[in-house]
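Enquirer: If you scroll down you'll find the structure; I have some questions about it.
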Amino acid sequence: MTALGLLYPGHFAEDDYPRIEQLLGSDIRVDVVHVDPGGTEAGERLAARVAELRLAGADAVVWACTGGSLGYDWEGAQQQVRALARAAGLPASATSFGFVHAARELGVRRVAVGATCPDDVAALFADFLRAGGLEVTGVRSSGGVTAAEAGTWGEEEVLTLARAADVSGAEAVLLPDTALHTAAHLSLLERALSKPVLTANQVTVWEGLRLADRRVNAPALGTLFSREPLVQA
């Protein structure tokens with residue numbers, strides 16, 4: 001049994017995780033602990049909750065919040081994750097780093113971003129990806145949909161965002177909001193765009209599995225879960 005511990009801000013699309021757990025169809029357990037969505041620091045607010053995950057037998061911890069790294073530069077975000085790892089006594093990462101590692105695993109360099117957050121926050125995510133060695137071909141923002149609003153989006157809205165973000169030359173499309181329900185739509189998204197689509201909740205679980213040194217084949221969760229790894233990021 002491999003147990004993943006996720007620290008998830010608020011209550012928006014956390015039901016993606018039991019769906020992903022089911023689709024993995026293996027001896028994988030995904031435990032979710034909720035944290036206050038306010039702020040970005042990996043200090044007492046996160047450290048206070050990791051004890052629950054450690055006691056539950058987690059093998060790795062992921063801060064399931066892309067935006068939680070964006071108030072820092074690349075090194076600052078790494079320090080944030082290291083602080084979380086020290087508090088947990090476990091390997092730790094964040095969704096933001098998961099996107100970079102997942103793109104590397106797929107061997108893609110040129111990516112497009114479809115974000116629900118305001119333009120300035122979406123631009124920070126693009127800068128973070130560039131710091132991780134990726135080329136961002138375009139950023140499409142929905143103009144600042146709240147997490148609560150994003151959590152109500154269905155297949156049609158998510159597909160519209162992904163299509164709007166896709167630009168010529170992008171090898172993959174990234175949807176970075178963990179408040180979006182995407183687990184049920186990954187196959188449709190990739191068929192519609194004819195390329196890999198990386199979404200926040202999908203990437204969060206994959207990053208946890210990477211930390212735990214597990215590879216699981218689950219085609220319903222997209223290309224990221226459907227091929228042998230190209231690199232050990």
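The values are calculated or read from the model by the stated rules, or taken from the named source; none is laboratory data. Because the structure is a prediction, the values reported are computed rather than measured. Neighbour counts are summed over all protein chains in view; Cβ atoms, including those assigned to glycine, are modelled from backbone coordinates with ideal geometry.
Enquirer: Looking at the structure I just gave you, is Leu124 within 17 Å of the chain's Cα centre (by Cα) and either over 21 Å from Thr182 (Cα atoms) or surrounded by fewer than 18 Cβ atoms within 10 Å (Cβ to Cβ) (or both)?
Expert: yes
Enquirer: Shifting gears a bit: Given the criteria modelled with pLDDT of 90 or more and either within 17 Å of the chain's Cα centre (by Cα) or under 22 Å from Ala150 (Cβ atoms) (or both), does Asp31 qualify?
Expert: yes
Enquirer: Just to check your reading of the model, which residue among Ala85, Ala58 is assigned to a loop (DSSP other than H, G, I, E, B) and modelled with pLDDT of 90 or more?
Expert: Going through Ala85, Ala58 in turn, the sole match is Ala58.
Enquirer: Right, here's the next one. In the range 61-78, which residues are at pLDDT 90 or above and among the polar types (S, T, N, Q)?
Expert: Gln78
Enquirer: Return the pair list, or none, for Cβ contacts closer than 6 Å from residues in the range 108-124 that are within 12 Å of Val136 (Cα to Cα) and among the charged types (D, E, K, R) to residues that are modelled with pLDDT of 95 or more and assigned to a strand (DSSP E or B), at least 6 apart or on different chains.
Expert: Here the result reads Arg109/Glu135; Arg110/Glu135; Arg110/Thr137, each pair linking the range 108-124 to a residue that is modelled with pLDDT of 95 or more and assigned to a strand (DSSP E or B).
Enquirer: Let me ask something else. Return the residues of the range 94-111 that are surrounded by 24 or more Cβ atoms within 10 Å (Cβ to Cβ) and over 19 Å from Glu190 (Cβ atoms); say none if nothing qualifies.
Expert: Those that are surrounded by 24 or more Cβ atoms within 10 Å (Cβ to Cβ) and over 19 Å from Glu190 (Cβ atoms): Ala94, Thr95, Ser96, Phe97.
Enquirer: Could we say that Ala77 is touching a residue at least 12 places away in the same chain (Cβ under 8 Å), out of contact with any helix residue (DSSP H, G or I) (no Cβ under 7 Å at 6 or more places or on another chain) and not in a loop (DSSP other than H, G, I, E, B) here?
Expert: No; evaluated as a whole, the condition is false for this residue.
Enquirer: A further question follows. Mind checking whether some residue in the range 144-155 is surrounded by fewer than 24 Cβ atoms within 10 Å (Cβ to Cβ), on the phi > 0 side of the Ramachandran plot and out of contact with any Leu (no Cβ under 7 Å at 6 or more places or on another chain)?
Expert: Scanning the range 144-155 turns up at least one residue that is surrounded by fewer than 24 Cβ atoms within 10 Å (Cβ to Cβ), on the phi > 0 side of the Ramachandran plot and out of contact with any Leu (no Cβ under 7 Å at 6 or more places or on another chain).
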